[in-house]
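*Asks:* This is the structure I want to talk about, given as C-alpha cells.
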Amino acid sequence: LALVESRKPVEVTPELATVGVFDFGGALTRPMTAHPKLCPRTGELLFFSYAATPPFLTYYRADANGRLVHAAELDAGVPSFMHDFAITERYAVFYVLPVLLGDFRSPVPIRWAEDVPARIAVVPRDGGNDDVRWFDVAPCTISHTVNAFEDGTSVVLDAVRAPRIMQPHALYRFRLDLATGRSSESELDARFLDFPRVSPTVVGSRQRYAVATELLDFTPDGGFTSTRAYKVDFDARRAVLHDFGPEAMPGECVLVPRPGSTA
C-alpha cells in the first residue's frame, strides 16, 4: 500500500505498478493514516483516520487476512492533527494535542491552539470510545512514534516531541500508568531527531534499538540543510553516529532483520 493520510491507500504490485484504490472491500470509507502499525505477533494491521469534521478520530483494525474487523469512533473533542500513533500488545495509543487542522489552502494547514489541552488516549485494541483512558501531558506536538510497550501497569511511549509546532524535536519517553491514571514524561536525547524506526519484529514490545535521523541547521519555516543518522540504544542511554560522508543526506531508514537472526 502507498499511503498518504489525506486519502485512502493505493495498492501497488511488488514491481510498484499501480493497482488502484484499496478500501478493504468497501469497508474503509475514510482516509487512512500514513503510519499504520503491523503487529508482528498477530499479523493484524492497526490504523486510524482523522478529519477536520466529526468524527474527528476513527480507529481501525484489520486481521492478518486483510479483512477490516474493527472500527470505532473515538471522541477526540477537537480536530487534532494526528500524523502518527502507537500500539502495544494490548492497546492502541493516540495523540490529541493542541495542534489543530486549519485552512487547507495554507501551505501549512495546521495551527497551534493555546486553549486546547494536550492528551494521550490509550484504548484496548478491540475497544471503543467507552474504553478510552485519557492522560494529560505538557503542551506539545508529536511528529513521529518510535515505539510503545507495556511495563507492568504502565504503557511506555517513546516519541519525537516538540514544545510547539515548527520547533526542533527531541526524543521523549512518556509513561502512562493505567492503575493510577498518572502520566510522566522525560527527555531521552536533546538532539533534533526525527523519522525514528525500530525493527518490525519488536513493534509494540520493548525495543533496545532505534535508528533516527538528526536534522541539522533547522530553520523556523521547517527547512534543514543536512542530516545524520544515529543508532539509539535505549538500554545504554546513548546514540551512536553513522557518518555516510559529506555528500550524503540520509532520510528515514528501514530496519531489515539479518537473515537467520533471532535477536
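The values are calculated or read from the model by the stated rules, or taken from the named source; none is laboratory data. No experiment lies behind these values; they were computed from the predicted model shown. No Cβ is skipped: glycine too gets one built from the backbone with ideal geometry, and neighbour counts run over all protein chains shown. Note: accessible area is taken over every heavy atom of the protein model, side chains too, but ligands, DNA and RNA are not part of it. Shrake-Rupley method; radii C 1.70, N 1.55, O 1.52, S 1.80 Å.
*Asks:* Starting from the Cα of residue 104, step 7 Å along the direction of its Cβ; do the same at residue 17; then give the gap between the two resulting points in nm.
*Replies:* Each label point is offset 7 Å from its Cα along the Cβ direction, giving 3.2 nm.
*Asks:* Taking the full set of protein chains and a 1.4 angstrom probe, give the accessible area of residue 231 in square angstrom, rounded to the nearest 10.
*Replies:* About 100 Å², rounded to the nearest 10.
*Asks:* Now for a separate question. Report the per residue volume, in Å³, of the convex hull enclosing the C-alpha atoms of the stretch 5-116.
*Replies:* Residue-normalised Cα hull volume stands at 126 Å³.
*Asks:* Ordered by residue, what ³J(HN,Hα) values in Hz, to whole numbers, does the stretch 15-21 give under the Karplus form 6.51 cos²θ - 1.76 cosθ + 1.60, where θ = phi - 60° and Gly and Pro are x?
*Replies:* Taking θ as phi minus 60°, the curve returns 8, 6, 6, 6, 8, x, 4 Hz for the stretch 15-21.
*Asks:* Turning to a different aspect of this structure: What would the Debye equation give as log₁₀ I(q)/I(0) for the stretch 70-146 at q = 0.12, 0.14, 0.19 Å⁻¹, counting only Cα atoms as equal point scatterers?
*Replies:* The calculated log intensity ratios at q = 0.12, 0.14, 0.19 Å⁻¹ are -0.35, -0.47, -0.83.
*Asks:* Can you give me the % of accessible surface on the stretch 1-119 that is carbon or sulfur? Probe 1.4 Å, all protein chains present, nothing else counted.
*Replies:* Exposed carbon and sulfur together represent 53 percent of the surface.
*Asks:* Taking amide H atoms as placed 1.01 Å from N in the peptide plane, list the residues 5 or more away in sequence, or in a different chain, whose amide H sits under 5 Å from that of residue 154.
*Replies:* 178
*Asks:* Can you check how the C-alpha radius of gyration of the stretch 142-263 compares to 2.2 N^0.38 Å, as a plain ratio?
*Replies:* Ratio of Cα Rg to 2.2 N^0.38 Å: 1.12.
*Asks:* If you count, for each residue, the other Cβ atoms within 10 Å and average over each peptide, how do 59-66, 45-52, 120-127 line up from highest to lowest?
*Replies:* In descending order of packing, they fall as 45-52, 120-127, 59-66.
*Asks:* Please report the spacing between the Cα centers of the stretch 96-112 and the stretch 222-263 in Å, no decimals.
*Replies:* The two parts, judged by their Cα centres, are 30 Å apart.
*Asks:* Which value in Å does the Kirkwood hydrodynamic radius of the chain take, with 1/r averaged over all unlike C-alpha pairs and then inverted?
*Replies:* 19.3 Å
*Asks:* Continuing with the same structure: Taking amide hydrogens as modeled 1.01 Å from N in the peptide plane, which residues meet the under 5 Å criterion relative to residue 70, leaving out close sequence neighbours?
*Replies:* Counting only residues 5 or more places away or on other chains, the set is 61.
*Asks:* For residue 144, which sequence-distant residues (separation of 5 or more, or a different chain) have an amide H within less than 5 Å of its own amide H, given hydrogens modelled in the peptide plane?
*Replies:* Those lying under 5 Å, H to H, from residue 144 are 160.
*Asks:* Then there's this: Per residue, how much accessible area does the chain have with a 1.4 Å probe, in Å²?
*Replies:* 50 Å²
*Asks:* Quick check for me: using +1 on Lys/Arg Cβ and -1 on Asp/Glu Cβ, what's the dipole size of the chain about its Cα centre, in debye to the nearest 20?
*Replies:* With Lys and Arg at +1 and Asp and Glu at -1, about 320 debye.
*Asks:* Something else about it: Net charge near residue 72: determine it from the other residues with C-beta under 12 Å of the C-beta of residue 72, scoring Lys and Arg +1 and Asp and Glu -1.
*Replies:* Its environment carries a net charge of -3.
*Asks:* May I pose another question? With only alpha-carbon pairs counted, each pair once and no self-pairs, how large is the Kirkwood hydrodynamic radius of the stretch 203-248 in angstroms?
*Replies:* Here the Kirkwood hydrodynamic radius works out to 12.2 Å.
*Asks:* Let me ask something else. Give the dimensionless ratio obtained when the Cα radius of gyration of the stretch 164-219 is divided by 2.2 N^0.38 Å.
*Replies:* Cα Rg divided by the expected 2.2 N^0.38 Å: 1.36.
*Asks:* Where the accessible area of the stretch 141-218 is counted over protein heavy atoms with a 1.4 Å probe, how much of it, in %, is carbon and sulfur?
*Replies:* 48 percent
*Asks:* When the Karplus curve 6.51 cos²θ - 1.76 cosθ + 1.60 is applied with θ = phi - 60°, which whole-Hz ³J(HN,Hα) does each residue of the stretch 248-257 get, with x for Gly and Pro?
*Replies:* 9, 9, x, x, 6, 8, 10, 8, 10, x
*Asks:* A follow-up question, please. Give the range of the longest stretch in the chain that excludes all GluC sites (Glu not before Pro) found in loop regions by DSSP and having at most 15 other beta-carbon atoms within 10 Å.
*Replies:* It runs 115-246.
*Asks:* Ok, one more. May I ask for the net charge around residue 191, where only other residues with Cβ less than 11 Å from the Cβ of residue 191 are counted and Lys, Arg are +1 while Asp, Glu are -1?
*Replies:* With Lys, Arg at +1 and Asp, Glu at -1, the net is -3.
*Asks:* Ok, one more. Can you run phi through the Karplus equation (6.51, -1.76, 1.60; θ = phi - 60°) for the stretch 137-152 and list ³J(HN,Hα) in whole Hz, with x for Gly and Pro?
*Replies:* Along the stretch 137-152, the couplings run 10, 5, x, 6, 10, 10, 8, 9, 8, 7, 4, 9, 7, 9, 9, x Hz.
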